[in-house]
Amino acid sequence: MAVEGGMKCVKILHYVFLLAFCACAVGLIAVGIGAHYVLSQTISQGATPGSMLPVVIIAVGAFLFLVAIVGCCGACKENYCLMITFVIFLSLIVLVEVAAAIAGYVFRDKIMSEFNKDFRQQMKNYPKQNQTAFFLDKMQKNFKCCGAANYTDWETMSLEPKGRVPDSCCVNVTQGCGINFNVKEIHTEGCVEKVGVWLRSNVLVVAAAALGIAFVEVLGIVFACCLVKSIQSGYEVM
């Protein structure tokens, strides 16, 4: 009876962690979509480390949601095969998340290099494409920056009149403030470095969130293994 009561508690905790998995899955999908949107505006399309990372995050989130459903069905029916499948798939998800974290760390310089290259390409498209102009203006306003390395990057761009910078570079943005500007009245720092500083300042938050998700998943694997052992031994857990 002691074992049976203990397994009932484990089963209830298993359901609680399944709810946590669903929340984590939705969170991962949201983060992946957000990261994909940002990178798609600044990094050229293609199978590069920077552009593929959000796709991996979205895929892991969707797969985690499906695995949570499998775990719920397996616990409800006390089905040995479904619970084993749940444990195997959840273990694979943890391994993929660890691999993605390592890839993100290894390719961090590569991602910033791509961002720098494609930001400069977007600057060339600034006079031609309204969508590009809107995105760069928004970024320069939000990060209080101008150009890729600094404001002089705009000198080589075909802006009219010659020698101007976008109005979004101005400290106080007004119509035409980028024409015949005074250096003291614009943001002189480049956006690439500003974005890099922002990413570095938020990396600890992302790392803490990733560790929290991984911890929940490992606990889920432990509880699932306990249920598998109980089912295999023939105990009635509910």
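The values are calculated or read from the model by the stated rules, or taken from the named source; none is laboratory data. Note that the coordinates shown come from a computational prediction; the quantities given were computed from them, not determined experimentally. With ligands, DNA and RNA removed, areas are computed over all heavy atoms of the protein, side chains included. Shrake-Rupley method; radii C 1.70, N 1.55, O 1.52, S 1.80 Å.
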Probe radius 1.4 Å, ligands and nucleic acids ignored: give me the carbon and sulfur share of the accessible area of the chain as a rounded percent. 68
Accessible surface of R164 in the full protein assembly, 1.4 angstrom probe, to the nearest 10 Å²? 40
Descending principal axes extents, the chain, alpha-carbon based, whole Å: 84, 31, 28
Excluding residues fewer than 8 places away in the same chain, name every one of the lysines whose C-alpha is closer than 30 Å to that of K11. K77, K229
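Find the all-direction average of the projected area of the Cα convex hull for the stretch 69-170, expressing the result in square nanometres with one decimal place.
Details: hull surface 39.7 nm².
Mean orientational projected area (the stretch 69-170, Cα hull): 9.9 nm².
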Where only protein heavy atoms count, and the probe is 1.4 Å, what is the accessible area per residue for the chain in Å²? 57
